[in-house]
1. State the percentage of accessible surface on the protein assembly as shown attributable to carbon and sulfur atoms; use a 1.4 Å probe and exclude ligands, DNA and RNA.
2. Mind checking the mean number of beta-carbon atoms from other chains within 10 Å of the Cβ atoms in B:155-162?
3. Shielding of A:171-178 by partners, i.e. mean partner chain Cβ atoms within 10 Å per residue?
4. Under a 5 Å amide H to amide H cut-off, with H placed in plane at 1.01 Å, what residues pair with B:E241 once short-range neighbours are removed?
5. Summing -39500 (n - 2.57) over the DSSP H runs of n ≥ 4 in chain A and dividing by its residue number, what mean residue ellipticity at 222 nm do you reach, to the nearest 500 deg cm²/dmol?
6. With chain A treated as a Gaussian network of Cα nodes joined by springs under 10 Å, which of A:I106, A:I154, A:I235 yields the largest mean-square fluctuation?
7. With +1 on each Lys and Arg Cβ and -1 on each Asp and Glu Cβ, and nothing else charged, work out how big the dipole of the protein assembly as shown is about its Cα centre, in Debye to the nearest 20.
8. Among B:Q438, B:L462, B:I411, whose Cα lies farthest out toward the positive end of the dipole of the range B:403-477, if unit charges sit on the beta carbon of Lys, Arg (+1) and Asp, Glu (-1)?
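The values are calculated or read from the model by the stated rules, or taken from the named source; none is laboratory data. Everything numeric in this text was worked out from a predicted model, so none of it was measured. Heads up, the Cβs are rebuilt from the backbone with ideal geometry, glycines too, and the neighbour counts pull from every protein chain shown. Please note that ligands, DNA and RNA were not included when accessible areas were found on the heavy atoms of the full protein model with its side chains. Shrake-Rupley method; radii C 1.70, N 1.55, O 1.52, S 1.80 Å.
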Amino acid sequence: MSEEFIRKVRWALGRPLHARRCEPNLRSRQGAGKSPSILERIQNRCDGERQGLLDKFREAAHPLGLKVYPHRDTEAVAAAIGALVRTKVPEWGQAKSVAAWRHPLIESLRLTEALAAQNVPVYFPEGPMGAPSACRFAKVDRQRWRERIFQSYIGITSADFGLAETATLVLRNRAGQARSVAIVPAIHVAVLEVSQLIADLQELYALLYSEAAHPREAVTNGMTLITGVSTTRDIGAVPVRPAHGPREVYVYVITGPHPKQGPS
Amino acid sequence: MVEINTENYVAEAHKAIANPVLQRALADVQDRFHKATAAAYHTLPEGPALRFKAHQIRMQAIANLDILLETLAANVRYNGGHVFFAEDGKTARDYCLAVARRHRVKLVVKGKSMVTEEIGLNQALADGWIEVAETDLGEYIIQLAGERPFHIIGPAIHKTRNEVGQLFAEKLGIPFTHDPPTLAQAARKILRAKFLQADMGISGCNLACAETGHITTVSNEGNIRLATTLPRVHVAFMGMERIAARLEDHDVLLRLLCRGATAQKLATYISYIGGPRASDQTDGPDEFHLIILDNGRRRILADPEFREILGCIRCAACLNVCPVYGQIGGHAYGFPYSGPVGAVVTPLLVGINRAQHLCLGETLCGACQEACPVDIDIPRMLLALRAKLADGDPLWKVKRANPMEKAIFQIWSGLIRNRRIYELSLRLAAVGQKCLPQRNGMLRRLPPPLHGWTRSRDIKPLAAETFIQRWKKKRRVRGIHP
Ligand code: SF4
């Protein structure tokens, strides 16, 4: 079926049907030569430049309704999340609960302890981290997770990268990093380190390629770019936030204790 | 099957022009997006000329479509997804229905997708006793109203907030309000329950990438992310031309798409989807199906004159600047694709004769090409379609639209090539026009078949002397002899 389809497309393109086709060298044009220099640029960024990216990120975030706060360390972030949980009320129902990624940075926030005083449970996707073969999800686990994620009013994730130009969060699908955490709860909190900020899509794509052994592993089964807060203009062309996604998005950037000023 | 009403173009256009509410909504949309899009191109680091590069990228992808589609399919399959190539709408609908039946699907949540509109998927699912919930707010509104999209990216922009309020009160049983946030919240609540219950999510595809093997969906509302994350099965539909070779091309096109569509640097949510949930991932669909649709595109691909339209990324920027769309709106086009892009694509998909009014109705002003993020030469293709209608074309099975017109032009051509007959007929006409009604030195009505010309304007009568007669006379007076 698919061969027949492709054969017809080839015919429509006016190509000889049975001629030997050379494998497409998709990498050969423009981009290929540029990537190493992009990667070097990313790797050699000094603290001053990183701070510049953070400023840019905050500037771009402002009109989008995205709230970006720099914090010195994980403790400060945990305290900020504690305050958020205290002040915000759930959109649906009464009980407060929080869902979070199983991710080294998020686990270092020790949220379960931080929120215990307020009696707010923190749900993590089940299964041990980093051992894919050991954690095939049974249907019941997944059903339980669904219920929990629908109950949770705050979802806490990290992000692979932040794109400064557009104030975009980049989230990739991985074990323990359930994608529902960033879309189902009414409030999304993303925690990342300042070193995860990069300039734009071009840098992102260069990094994705450099990490992957084969281009088809660059995106794998999923990646999401989030730029701002869920919005619609579909009723009388009036902008309304939110539509279906989170109504608020907070980005906590960990800047480290002493942000040094690098050479300009 | 999708309904095709392209024959009613003229009547529907008149209706839209006579509707003041619609006219205001259209003016508002065009006013808002026209300048904003142009300004958004200027915020590109590479400048607005990036559009030309994007054009090249698109054309190169189209020229290598066979290789790109093969690569995409292989990579999606590598990541555990299923790929189905559908020759036409029916094959695509049947495949989707079969998947739904296999999974005993009762409720489908759907993201906005023009391709599924093109093949009439919703009706097919409904006929199979499967409930379909459109989840893009605009699509949800028109689904409740039982209408078709009015605009490629803002399907319900023709509805005022009062109309939406009344619709929601009537169909959802909520108290009437015309407050957009309250209405949006009502839809949010209802659709949230649907997202939780649904067994299947259906999305379109804004742009696939061959090398990485993923599709991309773009939205501002977040509905597509929910629809592709929560249900057990995800079925994505893509027109076979919506593909880029590499991520670098993807970068350029996505940035331009978001600017062209809504004057944003990037849309709120862009999801890259390459397959189903991996076994160690908590959520995401268990099965991912990608349906790649031909449905008449191959014929366009085979014709170098029209191949360019396959470069279109359906951003709707051309609708927002088109003076014709700005008056008649989207429904007159009688098919899901409206505006300048619809005027080219629809005739090519449903039949040039059948949709002739669409390409005859446009003004050839060129605004669409200037606004297009991938610089598609729509006016050229409109002219090419008109040429086919004038002369007929067996390849596209086009019959001469108006044999009378051809005959008249042939007579005219004979007439103006014969000096004596031409002058004689001028003289006859000069005498004849004296019997026609006149006012302020203008003719008010011409006799048939020319009467259409004077339906809304007067015309100057033929001068008493022709130019050549005057010229000769003047030279004689000045004493110059030929
Ligand atoms: S023709 Fe150009 S402007 Fe119109 S929808 Fe397609 S890409 Fe957008």
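1. On the way: 17750 of 32300 Å².
The value for the protein assembly as shown is 55 percent carbon and sulfur by accessible area.
2. Values: counts 1, 4, 5, 0, 4, 3, 4, 1.
Across the residues of B:155-162, the mean count of other-chain Cβ atoms within 10 Å is 3.
3. Details: counts 1, 1, 11, 3, 5, 3, 2, 6.
What the average comes to for A:171-178 is 4.
4. none
5. Values: 8 runs with 87 residues, N = 264.
Value at 222 nm, helices only, nearest 500: -10000 deg cm²/dmol.
6. Highest fluctuation of the listed residues: A:I235.
7. Working: 98 positive and 72 negative charges, 695 e Å.
Using Cβ point charges on Lys, Arg, Asp and Glu, the protein assembly as shown gives about 3340 debye.
8. B:L462
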